[in-house]
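Sharing a structure with you now.
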Amino acid sequence: MKNRYAIVLAAGQGTRMKSKLYKVLHPILGKPMISYVLNALKPSTVDTMVTIVGHGAEEVMSQIGDKSRFVVQEEQLGTAHAVLQAEPLLKDKQGTTIVVCGDTPLITGETFEQLFTYHESLQSKATILTTKVENPTGYGRVLRSENLDVERIVEHKDATDEEKRVNEINTGTYCFDNEALFAALAKVDNNNSQQEYYLPDVIEILKAEGEKVTAFMTENEDETIGINDRVALANAEKVMRTRVNENHLRNGVTIIDPDTTYIGPEVTIEQDVTIQPGTMILGETTIGTGTFIGANSEIENCIIGNDSVIRQSVVKDSKIGNKANIGPFAHIRPETSVGDRARVGNFVEVKKSEVGADTKVSHLSYIGDAMLGKNINIGCGTVTVNFDGVHKHQTIIEDDAFIGCNTNLIAPVTVGEGALVAAGSTITDDIPKDALAIARAKQSTKEGYARKILDQK
Ligand code: UD1
Ligand code: CA
């Protein structure tokens, strides 16, 4: 037991986002902003984590899963009211409760830990995480007395012109003595311009009772952005992108232009991988050493082996082996696996299929619901006809088969090992091992006919 607890505020609609999507679910590098907050809190190992949900409660809870307990705030009456909802779960606990807003996703675990340590070592009843910013517009201002003690926080909307000039802001993160917090919350009123119950008012209340209140000022100003609108969201994306990319650069990944390369926080990249501009690599992706990811590719939730090349392609929820060659302009859709040294070339779409080692689908083909063995050559323009309008069917092509150009494989169908399909065939029946199948209309040639027709003009 660490006697540490966390409350994450995530019940607001996020009106200023002007969106149907609830604010804390807006993604940064492909992940909902609230998940950054919960992940950063984890290293501090709190005993109980409580997330306050309201607007979009169902969706927020399903995104977070079992990382946190939840309490629903039915009506959003302000941040103090939100924290009060955690009372049934936390009221009688002794220790430190950290309160964090779900819309400040850039604060790191180290900063949370520093705040905890500072608060606990001074034995304060409340410690505010503050920072100085160039433009404090919109934030609560930290007002200090002549001897620099924290007095209270005034919200932007309630501040006088003079108070608005203060550039030390409340980041919305605090540590409280848990029992003092809930005792003070009962005394917060909503006499302010927004008629909301403000959590920062707890500071003034504790102060009036002669309790010790402190502030921990972080210099990591760009950790503390509160995302209230899409301008701030775009800024946060930039900060997070830089943070993630610099980490990979230091680990030996070449990123030609980090400003136009988007790598999610859960992506693992081994050294000597090269990533060209305009590329997005998101979700739980891993990329093996020596692999080259060409410009403008989109890769999500993929396991990619070593020394492979992927150019200008979209690859999702799939597995690519070693020394494979993908693109340019390939579309690899979910549940696909491409074997070692295999090739999926330009204008090829592969869906829910296995492409065996050394197999080549080099141009203009559709491979869907198919199992392709090893060392197969699929000619240009081949289509696995997998859908009869109602059901999906499987195509199986065994090792060493050769499929001529412009073949339709009407599934369900199996092409046996080493079999050969003549170009232009429409295959409806299984082909046994080592057989040749030709299924196309016979050509008829009429000597001299062309001249005759043309002469009539
Ligand atoms: C809040 C602080 C402000 C601080 C800023 C830092 C208050 C009154 N103000 O302002 O001093 O500078 O954060 O970013 O606390 N929420 C609920 N239930 C509610 C209201 C809000 O869960 O009833 C949640 C929101 O979903 C959000 C967080 O609390 O995640 C903060 O609310 P928001 O409205 O964004 O507060 P700010 O105006 O940014
Ligand atoms: Ca906010």
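The values are calculated or read from the model by the stated rules, or taken from the named source; none is laboratory data. Quantities reported herein were computed from a predicted structural model and do not represent experimental measurements. In this analysis, Cβ positions are derived from the backbone assuming ideal geometry, glycine residues included, and neighbour counts consider all displayed protein chains. Ligands, DNA and RNA are excluded from the accessible area calculation, which covers all protein heavy atoms including side chains. Shrake-Rupley method; radii C 1.70, N 1.55, O 1.52, S 1.80 Å.
Please compute the contact order of the chain in relative form: average sequence separation of alpha-carbon pairs under 8 Å and at least six residues apart, divided by the residue count, as a percent.
8
If you plug each phi of the range 344-355 into the Karplus form 6.51 cos²θ - 1.76 cosθ + 1.60 with θ = phi - 60°, what whole-Hz ³J(HN,Hα) values come out, in order, with x for Gly and Pro?
Values, residue by residue: 10, x, 5, 6, 10, 10, 10, 10, 6, 9, 10, 10 Hz.
Taking +1 at the Cβ of each Lys and Arg and -1 at the Cβ of each Asp and Glu, which of N192, M217, S365 sits farthest along the dipole of the chain towards its positive end, judged by Cα position relative to the Cα centre?
Result: S365.
Taking only DSSP H segments of four or more residues, each worth -39500 (n - 2.57), what value at 222 nm results for the chain once the sum is divided by all its residues, to the nearest 500 deg cm²/dmol? Can you show the working numbers first?
On the way: 10 runs with 89 residues, N = 457.
That comes out to -5500 deg cm²/dmol.
Return the subset of K132/K238; K316/K360; K157/K212 for which the Cα-Cα distance in this structure is over 25 Å, preserving the input order.
K157/K212
Could you check how much of the accessible area of the range 179-324 is carbon and sulfur, as a whole percent, using a 1.4 Å probe?
Carbon and sulfur together cover 43 percent of it.
Restricting to the chain, what percent of DSSP beta bridges are antiparallel, rounded to 5? Mind dumping the intermediate values first?
On the way: 18 of 101 bridges.
Within the chain, antiparallel bridges account for around 20 percent of the total.
Would you mind pulling out the separation of the Cα centroids of the range 308-352 and the range 177-208, in Å?
First find each Cα centre; the distance between them is then 56 Å.
Once you place label points 7 Å from the Cα toward the Cβ at T137 and M371, how far apart are they in nm?
The answer from the label model is 6.3 nm.
When the Cα centres of the range 1-36 and the range 378-457 are compared, how far apart do they sit, in Å?
Using only Cα atoms to place each centre, the spacing works out to 54 Å.
Amide H to amide H under 5 Å from C101: which residues, 5+ apart in sequence or cross-chain, H placed 1.01 Å off N in plane?
The answer is L9.
List the aspartates and glutamates whose alpha-carbon lies under 14 Å from that of K42, not counting same-chain residues fewer than 8 positions away?
Output for K42: D66, E110, E113.
Ok, one more. Efficiency by 1/(1 + (r/R0)^6): what FRET value for K212 and D257, r their Cβ-Cβ distance, R0 = 45 Å, to the nearest 0.05? List each step's numbers first, then the result.
Numbers: r = 50 Å, r/R0 = 1.11.
Here the calculated transfer efficiency is 0.35.
Now for a separate question. What is the gain in length, in nm to one decimal, between M61 and Q123 on full extension, counting 0.36 nm per residue of separation less the C-alpha to C-alpha distance? Write out the running numbers ahead of the final one.
Details: separation 62, 0.36 × 62 = 22.32 nm, distance 3.38 nm.
Extra length available between M61 and Q123 comes to 18.9 nm.
Please list the non-local residues whose amide H lies under 5 Å from the amide H of Y5, H modeled 1.01 Å from N, same-chain partners needing a gap of 5 or more.
Amide H to amide H, under 5 Å and 5 or more residues apart or across chains, Y5 pairs with D47, T96, T97, I98.
For the chain, what is the accessible area per residue in Å², given a 1.4 Å probe and the full set of protein chains?
On the way: 21930 Å² over 457 residues.
Ligands and nucleic acids excluded, the figure is 48 Å² per residue.
Please give every one of the aspartates and glutamates within straight-line cross-link reach of K207, meaning a C-alpha to C-alpha distance under 20 Å, and leave out same-chain neighbours fewer than 8 residues apart.
Straight-line reach from K207, under 20 Å: E120, E146, D149, E151, E155, D158, E163, E168, D177, E179, D189.
Let me ask another. Amide H of T173: which non-local residues (sequence gap of 5 or more, or other chain) have their own amide H closer than 5 Å, using H built in the peptide plane?
L129
Can you pull the percent of the range 364-446's accessible area that's carbon plus sulfur, 1.4 Å probe, other chains left in place? Don't skip to the end; give the middle numbers.
Numbers: 2400 of 4390 Å².
Whole-percent figure for carbon plus sulfur exposure: 55.
Work out the FRET efficiency for R230 and V390 from their Cβ-Cβ distance, taking R0 = 41 Å, and round it to the nearest 0.05. Numbers along the way, then the final one.
Working: r = 43 Å, r/R0 = 1.05.
According to the calculation, E is roughly 0.45.
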